[in-house]
Amino acid sequence: MKIIYPAVFHYENNAYWVEFPDLDGCFSDGETRTETFLNAKEALELQTLYLLENGEKLPKASEIEDIKPDKNSFVSLVDADLSPYLNKAKAVKKTLTIPRWLNDAATQKGINFSQTLQEALMQKINAD
């Protein structure tokens with residue numbers, strides 16, 4: 001399953017960050033355009049797989065022409081192939097232990113624990 005979504009790339013404070021207007025909470029960043037693009041692709045994969053694993057439908061992608069970035073931003077299409085993951089995408093429940101202060105701080109900020117763990121594991125796997 002291949003997907004394509006528009007992403008808005010922003011340049012601020014000598015670094016880039018990217019957001020997907022159609023996917024709430026889907027962000028990434030990087031020091032260069034290339035790094036940011038690669039990180040955006042990974043964020044797109046993780047977010048859309050998370051939605052699918054939780055029985056949600058993927059939102060319709062906006063038309064790129066309808067997105068009007070500011071002067072320090074640009075819009076680009078980002079694609080992802082979910083096929084390699086979908087066959088293995090069956091969720092597995094894990095029990096873990098974290099310090100109470102960390103749990104409280106993350107809960108207060110509305111952080112999605114499952115998504116955060118998935119992102120951290122993907123970074124760790126890709127770092128090897």
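The values are calculated or read from the model by the stated rules, or taken from the named source; none is laboratory data. Predicted, not measured: the structure shown is a model, and the values here were computed from it. Here the Cβ is made from the backbone with ideal geometry for all residues, glycine too, and neighbour counts use every protein chain on show. SASA here: full protein model, heavy atoms, side chains in, ligands and nucleic acids out. Shrake-Rupley method; radii C 1.70, N 1.55, O 1.52, S 1.80 Å.
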* Odd one out for Asp79 among (1) assigned to a strand (DSSP E or B); (2) farther than 19 Å from Gln118 by Cα; (3) open to solvent by less than 50 Å² (accessible area, probe 1.4 Å) -> (3)
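Identify the residue in region 44-73 that is more than 30 Å from Lys93 (Cβ to Cβ) and of a type in the set (A, V, I, L, M) and, among all such residues, is most open to solvent (accessible area, probe 1.4 Å).
Ranking the candidates gives Ile64 first.
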* May I ask you to verify whether Lys124 is loosely packed, with under 12 Cβ neighbours inside 10 Å, assigned to a loop (DSSP other than H, G, I, E, B) and either touching an Asp or Glu at 6+ places or on another chain (Cβ under 8 Å) or not hydroxyl-bearing (Ser, Thr, Tyr) (or both)? => no
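Which members of region 16-62 meet the condition of being among the small types (Gly, Ala, Ser) and either part of a helix (DSSP H, G or I) or under 11 Å from the mean Cα position of the chain (by Cα) (or both)?
To start, the set of residues in region 16-62 that are among the small types (Gly, Ala, Ser) comprises 25, 28, 30, 40, 43, 55, 61-62.
Correct list: Gly25, Ser28, Ala40, Ala43.
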* Of the conditions (1) within 23 Å of Pro6 (Cβ to Cβ); (2) assigned to a loop (DSSP other than H, G, I, E, B); (3) modelled with pLDDT under 95, Lys88 clears all except one; give me its number. => (1)
